[in-house]
Amino acid sequence: SDGSIRLHQMTSEYPLMQWNGSTRGQPIIALQWALTRPAVFFALDASSNIYIWDLLENDLLPVAKQTIPSERVVTMTLLGEPEKANGLLGIVLAKESGQIDIQYVKKKWALP
């Protein structure tokens, strides 16, 4: 609810990493690991900002931020085929009106 993200190992109650205020206090409403690249995850905040984290490139801050200005995004999920090396990764955005939008991610964040 405060924009903090914690990375946990299943065998410990304490986080391996913690990023406080990663969304400048906006609640995170969806977070998902990339299906095709294990060190990348995506977070969606309540202000319709998508944050891309690539832990191999920078483990302190997101490597990119994209604002969806047209309408509030209520949730997101990722699509891709991890068993294929084509690097195709998409973000499915569900908007408040019920409209679904699919955007494809740059290859550098999608390639295995």
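The values are calculated or read from the model by the stated rules, or taken from the named source; none is laboratory data. Small disclaimer: the values here were computed from a predicted structure and weren't measured. So basically every Cβ, Gly included, is an ideal-geometry build from the backbone, and we count neighbours across all protein chains shown. Just the protein is used for accessible areas: all its heavy atoms, side chains included, with ligands, DNA and RNA removed. Shrake-Rupley method; radii C 1.70, N 1.55, O 1.52, S 1.80 Å.
Taking all protein chains together and a 1.4 Å probe, the residues Ile50, Ile29, Ile100 rank Ile100, Ile29, Ile50 from largest to smallest accessible area.
Which listed residue (Asn58, Ala46, Thr75) has the Cα farthest towards the positive end of the charge dipole for segment 5-109, taking +1 on Lys and Arg C-beta and -1 on Asp and Glu C-beta about the Cα centre? Farthest along the dipole direction, towards plus: Asn58.
If you place +1 on the Cβ of every Lys and Arg and -1 on the Cβ of every Asp and Glu, how big does the dipole about the Cα centre of segment 54-112 come out, in debye to the nearest 20?
So the dipole magnitude of segment 54-112 works out to roughly 160 debye.
For the chain, lysine pairs with C-alpha atoms less than 21 angstrom apart, excluding pairs fewer than eight positions apart on the same chain, total 7. Under 5 Å from the amide H of Leu78 lie the amide H atoms of Val92, each residue being 5 or more positions distant or on a separate chain, with H modelled from the backbone and absent for Pro and chain starts. Counting only other residues whose beta carbon sits under 15 Å from that of Ala110, what net charge do I get with K and R as +1, D and E as -1? That sum, taken over residues with Cβ under 15 Å, equals +1. Solvent exposure of segment 5-109 amounts to 59 Å² per residue of accessible area, where only protein heavy atoms count and the probe is 1.4 Å.
Report, please, the projected area of the chain averaged over directions, based on the convex hull of its C-alpha atoms, in nm². Before the final figure, lay out each step's value.
Values: hull surface 29.5 nm².
Over all viewing directions, the chain projects a mean Cα-hull area of 7.4 nm².
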